[in-house]
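Data first, discussion second: the structure below is written as structure tokens.
Only the coordinates and a few stated rules stand behind these numbers; no lab work does. Just so it is clear, the structure is predicted and the values come from calculations on it, not from any experiment. A quick note on method: Cβ atoms are made from the backbone with ideal geometry, for glycine too, and the neighbour counts reach across all protein chains shown.
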Amino acid sequence: MNTEQHRTADPRHRATLRWIVAIATAALVFDGYDLVVYGTVVPVLLRDPSQIGTLTVGQAGALGSYALVGVMVGALTAGAVGDHIGRRRVMLTGIVWFSIAMGLSAFATDIAVFGALRFLTGIGVGALVATVGALIAEFAPPHRRNVYNAIVYSGVPAGGVLAALLALLASDGDGWRMLFLFGAAPLVLLLPLALLRLPESPKWLLARGHAVRAREVSERTGVPLPDTTPSEAEPRAVEEKTKVGFAALATRRYALPTLLLGLMSSSGLLLTYALNTWLPEIMGQSGFGKSYALLFLLTLNGGAIVGGLLASRSADRLGPKRVIATTFVLAAAALSLLTLGVPLGVLLALVAVAGVGTIGTQVLIYGFVSHYYDTVARAAGVAWCAGFGRLGGIGGPLVGGALISAGFSPRHAFYIFAGVAVLGALVTCFVPRRATESAAVPDASVPGPLTSGGASVLAHD
């Protein structure tokens, strides 16, 4: 058993990790719920002007994008402050913000108010998405990080499944309002648990110079602190890593990978949001009724959950880059084959594979990104991935709406989405190998038994 495996044998660490994974997964379940619930109510809003007013297809696509603009703002804001104020504060704020905005959306009676609340909801979602990856990367053992990330980020498609199931039960007319009101549940169900059970990252505390607090949290939670010192042969790395947050992303070490990782995420999120927003409407135009259209959403997100978890195991063995490129290719193939006149069973299987290659791929991307950066830049790196990537997410509903408004057949839409998946696979292949990490902050020494011979204990992942 290697050192990292031995460290995770501490029962306190295992218990802490279980709570963090549970809280983070639950938070992202509601992220996925918000993502999909709008797609489930779009047909109702389009056909019933008494709800929020007369809504065109183009306006429906724009409303879907308002939330994504908010996600981008929330993610980038969380990245700007998360490496400075800590993971815990951002998580708690995101839960409260998201829940209130989601609940208020249930009472919107006109397009402008509904759109504004979608934007505000997105800000809270973005803060959560940008933070949970950093949390998992700093609490999970390295040999299991991709699996734990997949579990947590599988909360997104799990939330999609939940939204589709509840939408099947909801009545027409005002039934969509109860779906949005349910989105406020984290305020009473999740926030109390997070306040009690979500610790601050000891690695972040150490990287920010809070050595005594880092030691206290480490002893209470069983999460090991790093025990390595900086190599004198790596002065440039040490100097660059004194930069925190977005400043660190602009260094020579991270600039190119950050651009490519953002493009990867943009491709994955364009596909994720386009399919979750418009798949029910596209399948409806292909002759399937409401129940079948929502069944496709269930299959898409269910496939993403199962496939994402299986792919994450391969990512821990083979490396995430190779697996992500493969799942992008799977998405392209499945989306292209959806244009064929195949039996329903085969069609559902292809939709499930498309879920693996789109939503499941995005799960893997978040895990890849959260491990690519050091502690002092991790929140900013994940935020960049979630924030810049949302440009693709914003484009997804708009592209889908534009294609439907222009009278394009579902076949053409699927071909365009397949092309985006191919682009994502190509970008993935060019991401450079992650540099070997060295020390993070040269002045964060920890007194007592965490040091040996007066050596500094530095934030090192």
Checklist entry - By per-residue mean of other Cβ atoms within 10 Å, what is the highest-first order of 351-363, 207-219? => result 351-363, 207-219
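What does the helix-only formula give at 222 nm for the chain: each DSSP H stretch with n ≥ 4 adding -39500 (n - 2.57), the total divided by the residues, and the result rounded to the nearest 500 deg cm²/dmol? Provide the component values of the computation, followed by the final result.
Values: 21 runs with 343 residues, N = 461.
Result for the chain, helices only: -25000 deg cm²/dmol.
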Checklist entry - Fewest to most neighbouring Cβ within 10 Å: what's the order for 265, 201? => result 201, 265
Checklist entry - What angle, in degrees between 0 and 90 and rounded to the nearest 10, separates the Cα long axis of helix 344-355 from the longest principal axis of the Cα atoms of the chain? => result 30
Next on the checklist: Given Cβ point charges of +1 (Lys, Arg) and -1 (Asp, Glu) and nothing else, what value in debye, to the nearest 20, does the dipole of region 27-149 about its Cα centre take?
Outcome noted: 320
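For residue 406 and residue 48, calculate 0.36 nm times their separation in residues minus their Cα-Cα distance, and state this gained length in nm to one decimal.
Values: separation 358, 0.36 × 358 = 128.88 nm, distance 2.18 nm.
Working it through step by step, the gained length comes to 126.7 nm.
Can you tell me the order of 67-78, 246-257 when each peptide is scored by its average per-residue count of other Cβ atoms within 10 angstrom, highest first? Please report the intermediate quantities before stating the final value.
Details: 67-78: 26.0, 246-257: 16.8.
Result, highest mean first: 67-78, 246-257.
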Checklist entry - How are the C-alpha pair distances of region 134-196 spread across 10 Å bins, as whole percents from the shortest bin up? => result 18, 34, 31, 14, 3
Item to check | Separation between Cα centres of region 148-168 and region 67-84, rounded to whole Å | outcome: 22
Checklist entry - Over the C-alpha atoms of region 15-75, what are the Rg and the largest Cα-to-Cα span, Dmax, in Å? => result 15.9, 51
Checklist entry - Can you give the convex hull volume per residue for the Cα atoms of region 3-450, as a whole number of Å³? => result 123
Checklist outcome for this item: At R0 = 45 Å the Cβ-Cβ FRET efficiency linking residue 318 and residue 89, nearest 0.05, sits at 0.80
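Any chance you could list the semi-axes, whole Å, largest first, of the equivalent ellipsoid that the Cα gyration tensor gives for region 26-111, using √(5λ)?
On the way: eigenvalues 171, 33, 23 Å².
So the equivalent ellipsoid measures 29, 13, 11 Å along its semi-axes.
Show me the ranking of peptides 26-34, 303-311 by mean Cβ neighbours inside 10 Å, starting with the highest.
Values: 26-34: 25.9, 303-311: 22.6.
Highest mean packing first, the order is 26-34, 303-311.
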Next on the checklist: With unit charges on the beta carbons (Lys and Arg positive, Asp and Glu negative) and the dipole taken about the Cα centre of region 3-450, which residue among 276, 347, 259 sits farthest to the positive side?
Outcome noted: 259
Item to check | Positive minus negative residues near residue 321 (Lys, Arg vs Asp, Glu; Cβ under 11 Å) | outcome: +3
Next on the checklist: Is there a quick way to get the dipole size of the chain? I mean about its Cα centre, with the Cβ of Lys and Arg at +1 and of Asp and Glu at -1; what is the value in debye to the nearest 20?
Outcome noted: 500
Next on the checklist: Over the Cα atoms of region 235-384, what radius of gyration and what Dmax do you get, in Å?
Outcome noted: 18.3, 64
Checklist outcome for this item: Between the modelled labels at residue 429 and residue 107 (7 Å from Cα along Cα→Cβ) the distance in nm is 5.4
